[in-house]
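Working notes, structure below.
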Amino acid sequence: MKVIVTGGAGFIGSNFLYHLRKKHPAWRLICLDKLTYAGNLANLKGLAQDENFRFVQADICDREAVCRLFQEEQPDVVVNFAAESHVDRSIEDPAVFLHTNVLGTQVLLDTCLHFGKIRYHQISTDEVYGDLPLDRPDLFFTEATPLHTSSPYSASKAAADLLVLAYHRTYGLPVTISRCSNNYGPYHFPEKLIPLMIVNCLQNKPLPVYGKGENVRDWLYVEDHCEAADLIIQKGRIGEVYNIGGHNEMKNIDIVKLICRKLGRPESLITFVADRKGHDLRYAIDPAKIHRELGWLPKTNFADGIEKTIQWYLDNKNWWETVISGEYRKYYEKIYGERW
Ligand code: NAD
Ligand code: TDX
């Protein structure tokens, strides 16, 4: 089997490539990634010597480059992780989100069609469903929940999902979509809540919590997401959407306090700052369908997952120090400078 993984130099994509290599030693794995600020070749160091792995730096919006790669590799499956993925950046500058997340997806779909209906899997997000109220713990997102987006990021992901389903219905392209809840784990870029709080704690820097920290997210250890995506590309029903989540809802403030405790830092580092515009209140996935159809269940509980994640950041100081040394500083100033 030959698999092209787009966006494989980012957080989840790199974990997915390691997962595939471990589970399917004979598969040929090809990573296509533009290496934006979020893409990092250091994430793929463990595959550098692998003869059955190839990395190509290219933009998914670049039709010619994508076509050339498909021509050379004749893939059986394409899994698309490539995206602009950070909500706060999408609020500052939506254009690149539409470009990469929507038009880039279209280029991949067209190319899959062109090369004889290649199997395509779209990595989407629970954010396409919008949010749930805080006072209705009985409500969950199912695959039938209407799309109702809040941020330019989630709107661009929802647009891409609709396009993927349109290519199935109109042209018969064999597609699947997965919509996962918030991931955490190794290689998570420190612009997102959990790695940002760990990295700031390790530097004794203030911990910026938006609003009152009451918003709820449903956290899943990244390896569990990778396993689910692997199952879907092998056994998922064509044309279907699968929600992925582990029923692990937590308030942001509780996560931040837990990280302080684990790292022995005082809660006085916590600083409540201006809220995110349009801030989604609560995400909560109902994963019954993937459990019923594919037998998937998460394997890592939050207590173990956060322990492993914190340990990874302690063991990989070089990785995050390098990540936060460049463009990140300007970003941090821009996003947080006006919030304090
Ligand atoms: P990330 O920002 O860490 O990585 C994105 C990767 O895509 C980077 O390697 C980047 O270089 C690459 N990329 C961006 N634009 C590109 C382009 N035009 N052409 C080629 N490559 C490009 O993101 P992530 O957190 O790993 O998320 C991966 C996917 O999973 C995204 O589609 C995201 O919407 C989805 N998702 C993420 C989460 C989460 O909690 N992080 C949850 C659900 C779904
Ligand atoms: O500094 C912060 N302070 C804070 O309070 C940051 C970065 C975040 N937050 C809050 C906002 C959210 O309520 O923490 C929560 C999580 O924020 P993010 O890590 O930015 O994730 P979220 O907005 O929930 O989106 C994530 O999950 C769904 C991913 O980034 C998306 O790519 C994915 O689709």
**OP:** Check Ile238, Ile194, Ile232 and return the single one that is surrounded by 17 or more Cβ atoms within 10 Å (Cβ to Cβ), farther than 20 Å from Arg276 by Cα, at pLDDT 95 or above and of a type in the set (A, V, I, L, M).
**Re:** Ile232
Original post:
When only residues in the stretch 262-278 that are within 13 Å of ligand 2 (Cβ to nearest atom), surrounded by fewer than 17 Cβ atoms within 10 Å (Cβ to Cβ) and among the charged types (D, E, K, R) count, which is nearest to Ile91 (Cα to Cα)?
Top reply: Lys277
**OP:** Taking the options Asp126, Asp135, name whichever one is closer than 30 Å to Asp286 by Cβ, of a type outside the set (Lys, Arg) and more than 12 Å from ligand 2 (Cβ to nearest atom).
**Re:** Asp135
Subject >> For Ser90: the one exception among (1) within 18 Å of the chain's Cα centre (by Cα); (2) away from ligand 2 (no atom under 12 Å from the Cβ); (3) small (Gly, Ala, Ser) >> reply: (2)
Original post:
Taking the stated definitions as given, is Gln49 away from ligand 2 (no atom under 16 Å from the Cβ) and within 25 Å of Lys23 (Cα to Cα)?
Top reply: yes
**OP:** Please work out which one of (1) within 19 Å of Val79 (Cβ to Cβ); (2) within 9 Å of ligand 1 (Cβ to nearest atom); (3) part of a helix (DSSP H, G or I) is the condition Ile123 fails and give its number.
**Re:** (3)
**OP:** Quick one: in the stretch 1-43, of everything that is in contact (Cβ under 8 Å) with a residue 40 or more places away in the chain and basic (Lys, Arg), which residue is nearest to ligand 1 (Cβ to nearest atom)?
**Re:** Lys34
Subject >> Residue list for the stretch 126-172, restricted to those being buried (at least 19 other Cβ atoms within 10 Å of the Cβ), among the charged types (D, E, K, R) and part of a loop (DSSP other than H, G, I, E, B) >> reply: Asp131
Original post:
If you go through the stretch 219-231 one residue at a time, how many are in a helix (DSSP H, G or I) and within 11 Å of ligand 2 (Cβ to nearest atom)?
Top reply: 1
Original post:
Has the stretch 208-218 got any residue that is within 16 Å of ligand 1 (Cβ to nearest atom) and either under 15 Å from the mean Cα position of the chain (by Cα) or assigned to a helix (DSSP H, G or I) (or both)?
Top reply: yes
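Yes/no matrix, rows are residues, columns are (1) surrounded by fewer than 18 Cβ atoms within 10 Å (Cβ to Cβ); (2) touching a Gly at 6+ places or on another chain (Cβ under 8 Å); (3) not small (Gly, Ala, Ser):
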| site | (1), (2), (3) |
| --- | --- |
| Ile4 | no, no, yes |
| Cys31 | no, yes, yes |
| Glu51 | yes, no, yes |
| Ile60 | no, yes, yes |
| Ala65 | yes, no, no |
Original post:
If Ile259 passes every condition in (1) assigned to a loop (DSSP other than H, G, I, E, B); (2) open to solvent by less than 70 Å² (accessible area, probe 1.4 Å) but one, which one does it miss?
Top reply: (1)
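Look at the stretch 34-80 and say how many of its residues are among the small types (Gly, Ala, Ser), part of a loop (DSSP other than H, G, I, E, B) and within 23 Å of Gly326 (Cα to Cα).
We begin by selecting, within the stretch 34-80, every residue among the small types (Gly, Ala, Ser); these are 38-39, 42, 46, 48, 58, 65.
In the following step, the residues that additionally are part of a loop (DSSP other than H, G, I, E, B) were identified as 38-39, 48, 58.
Subset that is within 23 Å of Gly326 (Cα to Cα): 38-39, 58.
Residues in the stretch 34-80 being among the small types (Gly, Ala, Ser), part of a loop (DSSP other than H, G, I, E, B) and within 23 Å of Gly326 (Cα to Cα): 3 in total.
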Original post:
Do any residues in the stretch 319-335 that are closer than 15 Å to Asp88 by Cα have Cβ atoms under 8 Å from those of residues that are modelled with pLDDT under 95 and crowded, with 17+ Cβ neighbours inside 10 Å, where the two are at least six apart or on different chains, and which pairs are they?
Top reply: none
Original post:
Of (1) open to solvent by less than 30 Å² (accessible area, probe 1.4 Å); (2) closer than 30 Å to Leu193 by Cβ; (3) part of a helix (DSSP H, G or I), Thr111 satisfies all except one. Which?
Top reply: (2)
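The values are calculated or read from the model by the stated rules, or taken from the named source; none is laboratory data. These numbers come from a predicted model, not from an experiment. No Cβ is skipped: glycine too gets one built from the backbone with ideal geometry, and neighbour counts run over all protein chains shown. Just the protein is used for accessible areas: all its heavy atoms, side chains included, with ligands, DNA and RNA removed. Shrake-Rupley method; radii C 1.70, N 1.55, O 1.52, S 1.80 Å.
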